[in-house]
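Report on the structure given below.
The values are calculated or read from the model by the stated rules, or taken from the named source; none is laboratory data. Keep in mind that this is a model prediction, so the values were computed, not measured. Here the Cβ positions follow ideal geometry from the backbone for every residue, glycine too, while neighbour counts run over all protein chains shown.
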Amino acid sequence: MSQFVVRGGHKLSGTIVPQGAKNEALQIISAVLLTAEPVTITNIPDILDVNLLIELLQEMGVKVQRPERDTCIFQADDVDVDYLHSPAFHKKSGRLRGSVMLAGPMLARFKKAFVPKPGGDKIGRRRLDTHIIGFEKLGATFTYHPEDGFYHLSGDAMQGTYILLDEPSVTGTANIVMAASLTPGTTTIYNAACEPYLQQLCAMINRMGGKISGIGSNLLSIEGVSSLKGTEHRMLPDMIEIGSFIGLAAMTQSNIRIQGCGIPHLGIIPEKFRQLGIQFDIDGDDIVVPEQDSYEIQTYMDGGVLTIYDHPWPGLTPDLLSIMLVVATQARGSVLIHQKMFESRLFFTDKLIDMGAQIILCDPHRAAVIGLGRSQNLRGITMSSPDIRAGVALLIAALSADGKSVIQNIEQIDRGYQNIDGRLQALGAHIVRE
Ligand SMILES: CC(=O)N[C@H]1[C@@H](OP(=O)(O)OP(=O)(O)OC[C@H]2O[C@@H](n3ccc(=O)[nH]c3=O)[C@H](O)[C@@H]2O)O[C@H](CO)[C@@H](O)[C@@H]1O
Ligand SMILES: C=C(OP(=O)(O)O)C(=O)O
């Protein structure tokens with residue numbers, strides 16, 4: 001297992017370009033199964049989870065050309081449906097969350113799908129009910145086979161219908177949208193997730209000949225068509241990376257330009273960093289974070305302590321709370337970080353406390369951070385990265401801390417951040433992969 005050795009306390013400077021979005025890539029690359037024609041996708045991030053999904057597609061018989069590292073041309077004209085319940089698929093798909101989104105297009109096009117227990121971050125319970133119940137409402141039947149650990153789905157008699165989702169699950173909505181796009185009749189999904197990556201997926205399906213309306217809202221209407229054609233699609237910049245870089249700049253008192261942020265797609269994210277007191281300028285499509293000695297967390301209008309909490313889009317994504325928490329440790333003032341969706345995502349605060357941060361973990365969902373206001377620096381320690389975002393939060397802490405830190409289990413970080421050590425070195429960071 002690899003680790004990062006970081007020598008902290010150095011200011012960084014320069015320009016960094018965000019990668020294509022990981023969570024968009026997992027939806028979009030699954031959607032290539034919706035057509036037998038070629039689909040060209042650009043701005044693909046070169047990260048473990050996405051590369052694994054591409055390998056899975058290849059093993060299913062999808063032809064993949066990679067003319068450039070960030071561009072693939074997929075053609076799903078000869079798919080081996082049975083591969084999806086092989087031990088090889090079981091093993092590989094168990095390593096990433098995105099694999100569950102192969103089910104929607106498979107059901108739509110081949111009337112058959114197998115859903116294994118998917119992987120992804122171990123950040124709490126991550127149920128698949130929304131996906132399975134959605135497929136069932138469309139008329140698919142499913143049985144769980146304990147002997148192979150798969151849900152076997154069959155969709156011979158699927159028909160468009162009205163679906164009120166129990167919760168606006170992101171991957172669940174993507175799966176149902178993909179299934180409905182080739183299912184006869186009109187499917188209406190209410191309480192749909194509506195984040196930019198889903199908007200991108202719907203726009204792509206429409207370019208392929210699909211008929212989806214309500215894009216960007218929580219009420220989607222999908223008129224099923226008999227077939228879809230090929231298209232081209234470019235991934236948005238990764239908003240979680242962008243947030244991570246804003247946090248990095250503030251914590252390390254660095255001047256960093258984040259180039260090409262897709263500002264209109266960032267929703268409430270910039271405002272939430274401003275509430276932590278971080279200043280930055282929007283310059284065209286770039287975010288420029290200037291060097292700042294200190295930043296002060298805002299209070300509510302009545303003087304009450306700020307709470308930063310996650311909420312389905314257009315609320316704040318849960319994937320940035322770990323980053324915001326670490327940034328708050330050096331702010332002036334206090335904040336309550338409330339992680340509502342996942343119950344095991346805040347335990348990494350133990351490591352920050354060992355580094356000298358002042359945090360009270362109230363319960364698995366809530367952490368009160370009393371900012372040090374730079375009265376003292378964090379201290380470097382040895383730690384292990386429990387999940388992708390906590391891993392990057394710890395990396396940011398290490399880059400701001402005095403002395404040497406070692407971050408183990410960095411495969412978690414590599415799942416979602418492309419060549420992060422190389423890109424940070426280019427900004428002047430002292431980070432080595434061992
Ligand atoms: C591959 C991918 O795209 N992963 C993202 C996707 O995961 P994913 O699609 O798996 O997450 P879901 O949107 O299904 O929800 C995640 C968890 O939050 C709970 N939940 C969800 C909605 C809600 O209103 N209340 C609530 O408590 C669910 O029960 C579930 O346990 O969306 C999550 C929520 O933005 C992100 O953290 C993940 O990075
Ligand atoms: C939780 C995340 O990813 P996944 O859903 O792929 O585990 C994430 O990207 O922060």
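Take residue 76 and decide whether it is surrounded by 17 or more Cβ atoms within 10 Å (Cβ to Cβ), more than 18 Å from the chain's Cα centre (by Cα) and within 16 Å of ligand 1 (Cβ to nearest atom). Taking the combined requirement at face value, the residue does not satisfy it.
Matching residues to (1) in contact (Cβ under 8 Å) with a residue 24 or more places away in the chain; (2) buried (at least 17 other Cβ atoms within 10 Å of the Cβ):
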| site | (1), (2) |
| --- | --- |
| 357 | yes, yes |
| 360 | no, no |
| 363 | no, no |
| 366 | yes, no |
| 371 | yes, yes |
| 382 | yes, no |
| 385 | yes, yes |
| 395 | yes, yes |
| 399 | yes, yes |
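Taken together, 134, 120, 124 contain a single residue that is within 25 Å of residue 196 (Cβ to Cβ) and modelled with pLDDT of 95 or more, which is 134.
Being within 16 Å of ligand 2 (Cβ to nearest atom) and outside any strand (DSSP E or B) is the requirement here; does residue 356 meet it? In short, no.
The set of residues in the range 391-434 that are assigned to a strand (DSSP E or B) and of a type in the set (S, T, N, Q) comprises 405, 408.
Of all the listed residues (84, 26, 52, 48), the sole one being under 21 Å from residue 154 (Cα atoms) and either within 16 Å of ligand 1 (Cβ to nearest atom) or crowded, with 23+ Cβ neighbours inside 10 Å (or both) is 84. Among the residues of the range 114-137, are any out of contact with any helix residue (DSSP H, G or I) (no Cβ under 8 Å at 6 or more places or on another chain) and small (Gly, Ala, Ser)? Yes, the range 114-137 contains at least one residue that is out of contact with any helix residue (DSSP H, G or I) (no Cβ under 8 Å at 6 or more places or on another chain) and small (Gly, Ala, Ser). Looking only at residues of the range 116-156 that are among the small types (Gly, Ala, Ser) and either within 16 Å of ligand 1 (Cβ to nearest atom) or in a strand (DSSP E or B) (or both), we find that the one that is farthest from the chain's Cα centre (by Cα) is 154.
One line per residue, one yes/no per condition, for (1) away from ligand 1 (no atom under 16 Å from the Cβ); (2) touching a helix residue (DSSP H, G or I) at 6+ places or on another chain (Cβ under 9 Å); (3) outside any loop (DSSP other than H, G, I, E, B):
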position: 312; (1), (2), (3): no, yes, no
position: 323; (1), (2), (3): no, yes, yes
position: 326; (1), (2), (3): yes, yes, yes
position: 335; (1), (2), (3): yes, yes, yes
position: 344; (1), (2), (3): no, no, no
position: 352; (1), (2), (3): yes, yes, yes
position: 372; (1), (2), (3): yes, no, no
position: 375; (1), (2), (3): yes, no, no
position: 389; (1), (2), (3): no, yes, yes
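Evaluation of residue 166 against the conditions (1) touching a strand residue (DSSP E or B) at 6+ places or on another chain (Cβ under 8 Å); (2) of a type in the set (D, E, K, R); (3) within 10 Å of ligand 1 (Cβ to nearest atom) shows that the sole unmet condition is (1). Counting only strands (runs of 3 or more DSSP E) that sit completely within the range 1-94, those holding 2 or more residues that are within 30 Å of residue 251 (Cβ to Cβ) correspond to 3-7, 13-16. Looking across the range 249-274, the residues that are in contact with a strand residue (DSSP E or B) (Cβ under 7 Å, 6 or more places away or on another chain), crowded, with 19+ Cβ neighbours inside 10 Å and more than 28 Å from residue 201 (Cα to Cα) come down to 249, 250, 254, 256, 257. Only one entry in 218, 175 is surrounded by fewer than 21 Cβ atoms within 10 Å (Cβ to Cβ) and either of a type in the set (S, T, N, Q) or under 17 Å from residue 19 (Cα atoms) (or both), namely 218.
Residue 124 meets all of the listed conditions (1) within 13 Å of ligand 2 (Cβ to nearest atom); (2) surrounded by fewer than 20 Cβ atoms within 10 Å (Cβ to Cβ); (3) free of Cβ contacts under 8 Å to residues at least 60 places away in the same chain but one, namely (3).
Of the residues making up the range 127-170, those that are among the small types (Gly, Ala, Ser) and either without any contact (Cβ under 8 Å) to a residue 40 or more places away in the chain or farther than 21 Å from residue 79 by Cα (or both) are 134, 139, 140, 149, 157, 160, 169. Applying the selection to the range 151-172, what residues are surrounded by fewer than 18 Cβ atoms within 10 Å (Cβ to Cβ) and either under 29 Å from residue 342 (Cβ atoms) or within 16 Å of ligand 2 (Cβ to nearest atom) (or both)? Within the range 151-172, 152, 164, 166, 167 meet the criteria.
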